[in-house]
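Notes follow once the structure below has been shown.
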Amino acid sequence: MVRKWKIALLLTLVVAMLSGCFGEKPVLEELGKDGKGKIKVVYYSEEGFYSEYGNSFNVKYPDIEFEVIDQQEMYRELQNNEDADYREETRKFLDKHKPDVLMVDLSTMEKMAQEGKLYNLDAVIAQEQFDLDGFMPGLIDMIRAKGGGSLYGLAPNFFTSVIYYNAGLFREHNIEPPRNKMTWQELIDLSSRFSGIGSGENQIYGYYERYGTVDQLLNKIAQASSLRLFDAKGEKLVFNTDGWKQAMKLASDAIRNKSIYTQPMDEGNERVFMGDDDLFFKGKAAMIIDGPWMVSQFKNRMMWDKEAKEIDWGMVTAPVDPANPDESSYSSLNEVFAIAADSPNKRAAWEFVKFVNGTEMAKAASRSSRGYLPTRNQFMKEIEGKSTEPFYLLRPKADYESMWGGANVKMPREFYEDFTKILAKEMKAVVDNKKSVEEAAAAIQAEGEAALQKGREAEKARKAAQKGAEGDSGKAAEDNKTEDSGSAEATTSEGN
């Protein structure tokens, strides 16, 4: 047994030595000696693509050409056809143009990987020792989780939300400022300390939901705990649960007790515009939750808003789930670059994906203040003189899905609008003390199930009508073909 083990080890060493002598066969064939190649890539627009990525890439690879497929074509189709489904149209668009490099969101990447339409990057990454350690903690895990453990794409940028706060207001009223890794309960408790400060137009609020109403506050609270509306199969509505009821109670109590200020709603459960969207910049609200784009607002707001005040601002992480205090459900990837499994230009495509996700582009991105952040976190340490730690401190939740569901949820488009109205109506009833949380949750479950069934029936009818229209169109084309054939035969007969 020992002898066999020694022989096996010896053979392994010999193979390793031979590999070193003759060179390991590349996973992807190298570019030609002239370095030429061509890549078909999907992006929002051709101009935007070259501005963001293409021009920089061509400095290093001047002989690789791009054919940019403008996504505006797909968006126009969605606008012209109100019955069109976004995911379905995306798939049709990609099948039609067959790009080498796809720019997709994480949910679309997950679905396409399941269908075998994407190239697995693991082998080429391992062979070329492409640096994955330089990405922010949790980023690669997040992408792998959607690829069933394999890496089918890479993302150069990400989006996340943080709590921005007015440090001056906290100092003025001798209240401790917010800190990283607070829960929603802790944020609400902190916000409540501003209750009763000022009155009327001079009222000071703690946490301010800038553009949202009570139902949208509920959604944000639910997001921290990764609460979902559908079961694992994406078929049944699951709202009447302890998790959702706890979130409902937290949101409604906070508004009723004036710990949190949200936009009011009228009797029709529509948002009432009060002209106070800018309470934070007027110095009348201590905290808001928003994305990286807000940083530029602190610098530029006063140029065009006469009522805005200069703010001594700070930021901390968005609220966390107490069960997972080191993770964030507020981080998302909207631009994952993947390679088509059937691409004939995989080497050139990989060179582009590698470059876009490399250190050169991350350095360039760290020098500009945009609405998103580079996923390589070693370069952007400060922004407008503030530490970027709150943006990068929490790991993106690997298995996170929106409350509306991920790639496996097929939700009728009518359901979203109907359910949002149901949620707003019932949450307003709880805040107004007209219903208990238990009663409202049961009503949301029942009315939501009815809305889901109604939406599915409408969707089924649409598909049947579409199929019928396609059938009629095909029959008409066949009739025309037959008629043309008959006319041609008649003409031939007359000629003879």
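The values are calculated or read from the model by the stated rules, or taken from the named source; none is laboratory data. Source: prediction; values computed, not measured. Positions of Cβ are backbone-derived with ideal geometry, glycine not excepted, and every protein chain shown enters the neighbour counts. Quick note on the areas: whole protein, heavy atoms, side chains included, nothing else; ligands and nucleic acids left out. Shrake-Rupley method; radii C 1.70, N 1.55, O 1.52, S 1.80 Å.
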* Can you give the FRET efficiency for residue 86 and residue 249, using 1/(1 + (r/R0)^6), R0 = 25 Å, r = Cβ-Cβ distance, to the nearest 0.05? -> 0.15
* Structure fact -> Descending accessible area (1.4 Å probe), largest on the left, turns 313, 404 into 404, 313
* Structure fact -> Expressed in nanometres to one decimal, the distance between label points 7 Å along Cα→Cβ at residue 363 and residue 421 is 5.5 nm
* To do: For a label point 7 Å from the Cα of residue 309 along Cα→C-beta, name the residues of region 186-210 whose backbone N is under 17 Å from it.
  => 194-208
* To do: Pop a pseudo-label 7 angstrom from the Cα along the beta-carbon direction at both residue 51 and residue 404 and give the gap in nm to one decimal.
  => 2.6 nm
* Determine the order of 354, 117 by accessible area, beginning with the largest, at a probe radius of 1.4 Å. => 117, 354
* To do: Can you figure out the FRET efficiency of residue 59 with residue 439, using R₀ = 51 Å and their beta-carbon distance, to the nearest 0.05?
  => 0.20
* Asked: So which of 397/467; 282/397; 36/117; 236/460 end up more than 29 Å apart, counting from Cα to Cα?
  -> 397/467; 282/397
* Pop the C-beta distance of residue 192 and residue 167 into the FRET formula with R0 = 22 Å and round what comes out to the nearest 0.05. => 0.70
